[in-house]
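Here the structure comes first, spelled out in structure tokens, and everything after it is commentary.
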Amino acid sequence: MFPQIPGWRDTATGRSRKDEVPKAWIAVVDAGPLYDSMVARLLELGVPTLCTVDRALRMFEAYGEQRLATTGAPQPIEGARDVPVSAGP
């Protein structure tokens with residue numbers, strides 16, 4: 001899924017997808033000064049953008065802690081099962 005950027009079109013179908021993405025987006029561009037113009041453009045378009053993965057993970061952790069504090073622990077989905085995470089290919 002893609003952020004709601006005005007005028008963005010799906011290259012495969014040519015359709016605009018800006019109304020199809022109901023979730024909020026953030027971007028992490030941990031790529032150095034070469035990508036500063038990309039960061040600036042994302043910010044202009046209203047996409048919250050972080051420049052280091054470390055900061056993004058700290059913010060995500062804080063968000064998760066706050067959400068759990070206000071809504072409680074998520075409930076398991078009926079019929080769902082744990083899927084082991086692979087350590088590699």
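The values are calculated or read from the model by the stated rules, or taken from the named source; none is laboratory data. Small disclaimer: the values here were computed from a predicted structure and weren't measured. Note that we place each Cβ from the backbone using ideal geometry, even for glycine, and neighbour counts take in every protein chain shown.
At-a-glance table
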quantity: Looking only at region 17-29, and only at residues there that are exposed (fewer than 13 other Cβ atoms within 10 Å of the Cβ) and over 21 Å from Phe60 (Cβ atoms), the one that is modelled with the lowest pLDDT; calculated: Asp19
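A quick yes/no check of all residues on (1) at pLDDT 85 or above; (2) surrounded by 10 or more Cβ atoms within 10 Å (Cβ to Cβ); (3) outside any loop (DSSP other than H, G, I, E, B); (4) out of contact with any Pro (no Cβ under 7 Å at 6 or more places or on another chain):
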| site | (1), (2), (3), (4) |
| --- | --- |
| Ala31 | yes, yes, no, yes |
| Met38 | yes, yes, yes, yes |
| Leu43 | yes, yes, yes, yes |
| Val47 | yes, yes, no, no |
| Asp54 | yes, yes, yes, yes |
| Met59 | yes, yes, yes, yes |
| Ala62 | yes, yes, yes, yes |
| Gln66 | yes, yes, yes, yes |
| Arg81 | no, no, no, yes |
